[in-house]
Structures are given as structure tokens and as C-alpha cells.
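Here's the structure we're looking at; comments come further down.
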Amino acid sequence: MTWLLIGGLALATFALRGTGPILPRIPEALTQRTTGLAPALLAALVMTQLVSGGWHLDVKAAAAALAAVLAALRAPLLASVIAGAAVAAGLRLLLHAA
């Protein structure tokens with residue numbers, strides 16, 4: 001089901017990009033309806049990676065949550081990635097050492 005959705009959205013993206021030279025302006029109703037597709041697809045892909053193997057959350061969820069909070073606070077991207085990696089590494093060290 002996920003791959004079907006990804007393929008459909010890819011085809012829709014190619015179709016919209018292909019109409020650029022033909023249509024001087026994309027109709028406003030179409031742009032309003034398709035504005036949220038890219039963030040929704042990205043969120044779905046991230047969610048499937050976080051909860052792979054059922055609803056068992058691991059250190060990736062904590063790292064992604066921290067990175068999301070830092071991104072919401074407009075921290076630099078590199079700082080968010082490094083902080084998320086540090087949290088994941090620290091939690092793996094703590095949880096696997098016990």
C-alpha cells in the first residue's frame with residue numbers, strides 16, 4: 001500500500017511538473033489541494049521507519065523527537081542532526097549496557 005501511494009504521488013508530481021510549460025499558471029484550486037502532499041508523504045515515510053516491526057519504539061523515536069523540537073525552535077539543521085545522533089547513541093549505550 002505504501003509503495004502504491006509513493007508511486008501515485010510520484011506520477012502526480014511528474015504530471016504537475018510536465019504541465020508547467022503548457023499551462024502559464026496552475027489553477028488555484030489544484031495548488032490548494034496539493035500543498036500538503038509532500039509534508040504528509042515525508043511524515044509517513046519517517047513514521048514507517050520509526051515503528052518498523054510493529055509499534056515498538058526504540059531510540060530512533062527519541063532522537064527524531066529531539067530533532068523535531070530543535071527544528072521547531074529553528075536550530076540549525078546540522079545541530080539538530082548531531083543532537084539527535086548523540087541522543088540515539090547515548091540511549092543505545094545506556095540501554096544495551098544494562
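Please determine whether any residue of the stretch 56-71 is surrounded by 10 or more Cβ atoms within 10 Å (Cβ to Cβ) and in contact with a Pro (Cβ under 9 Å, 6 or more places away or on another chain). I'd like the intermediate steps shown before the answer.
In the first step, residues of the stretch 56-71 are kept if they are surrounded by 10 or more Cβ atoms within 10 Å (Cβ to Cβ); the result is 57-71.
Still in the running and in contact with a Pro (Cβ under 9 Å, 6 or more places away or on another chain): 70.
Checked the stretch 56-71: at least one residue is surrounded by 10 or more Cβ atoms within 10 Å (Cβ to Cβ) and in contact with a Pro (Cβ under 9 Å, 6 or more places away or on another chain).
Here is a list: Arg17, Arg74, Arg92. Which entry is of a type in the set (Lys, Arg), modelled with pLDDT of 85 or more and assigned to a helix (DSSP H, G or I)? Give the derivation first.
Details: Arg17 fails: modelled with pLDDT of 85 or more; Arg74 fails: assigned to a helix (DSSP H, G or I).
Of Arg17, Arg74, Arg92, the one residue that is of a type in the set (Lys, Arg), modelled with pLDDT of 85 or more and assigned to a helix (DSSP H, G or I) is Arg92.
Residue-by-condition table, conditions (1) among the hydroxyl-bearing types (Ser, Thr, Tyr); (2) in a loop (DSSP other than H, G, I, E, B); (3) under 21 Å from Leu77 (Cβ atoms):
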{"position": "Pro24", "(1), (2), (3)": "no, yes, no"}
{"position": "Pro39", "(1), (2), (3)": "no, no, yes"}
{"position": "Leu45", "(1), (2), (3)": "no, no, yes"}
{"position": "Thr48", "(1), (2), (3)": "yes, no, no"}
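The values are calculated or read from the model by the stated rules, or taken from the named source; none is laboratory data. A quick note: this is a predicted structure, and the numbers were derived from the prediction, not measured. Counting neighbours? That spans all protein chains shown, and the Cβs are built from the backbone with ideal geometry, glycine included.
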